[in-house]
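The values are calculated or read from the model by the stated rules, or taken from the named source; none is laboratory data. Just so we're clear, the structure is a prediction, and the values are computed from it rather than from any experiment. Cβ coordinates were reconstructed from backbone atoms using ideal geometry, including for glycine residues, and neighbour counts include every protein chain displayed. Accessible surface areas use protein heavy atoms only, side chains included; no ligands, DNA or RNA. Shrake-Rupley method; radii C 1.70, N 1.55, O 1.52, S 1.80 Å.
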Amino acid sequence: LGWHVGGVNAWALAIALAAAGGLLPEAWLSRKARARVGAIDRALPDALDLLTACVEAGLALDAAIANVARRPGKATQVLNAELARYLRELNMGVSRADAMRALATRAGSEDLRGVVVALLQGDALGLGVAPVLRAQARHLRLKRKQRAEERAMRAPVLILFPLLFGLFPAI
């Protein structure tokens, strides 16, 4: 009960290791989930542009989604997999609205959820798919530009400390 390992109480070490064993997998999984959502968010504006071009060229929405899902590339791999799963659900007989809602829920991306909601509302109101897709693509491109500007505004603050502690003492 009172034995020590290298000067550390064995019970304290066991508790610390158990806590780390409980927290580390959760942190790893949440980091992977954030990276997955980020990959979807990065690929979505370009996929919507391609989807809009396909729909305007005369393809039905599902055929255009199949065309986008077959597009090769490491950057779009996660989104393509989700779109392919959406198409498989349609082939199994799930309604388009339910499959789209499941896609939005499964992906976890707020941007994709917004696109799905806009498509479902456009379908309910009888709007064409192409104008809805074009508006969503424009909105997501603007959002991507704003995120890039936000990251650019943070860069000077992030550079400040390495300059203060690395470069200025050398000068």
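Here the range 15-78 has 66 percent of its accessible surface on carbon and sulfur atoms, given a 1.4 Å probe and all protein chains in place. Under Stokes-Einstein, with the Kirkwood radius over Cα pairs standing in for Rh, what whole-number D in µm²/s applies to the chain at 25 °C and 0.890 mPa s? The diffusion coefficient I find is 125 µm²/s.
Only helices reaching 18 angstrom along their own axis (Cα) with mean Kyte-Doolittle hydropathy no lower than 0.5 count here, and for the DSSP H runs of the chain these are 10-56, 110-125. Using Cβ point charges alone (K and R +1, D and E -1), the dipole size of the range 94-143 about the Cα centre works out to roughly 180 debye. The smallest convex shape that holds all Cα atoms of the range 112-158, its convex hull, gives 57 Å³ per residue.
On a per residue basis, the range 51-171 carries 63 Å² of accessible surface, using protein heavy atoms and a 1.4 Å probe. Bridgeable aspartates and glutamates around Lys143 (alpha carbons under 19 Å apart, same-chain partners fewer than 8 residues away excluded): Asp41, Asp46, Asp49, Glu110, Asp111.
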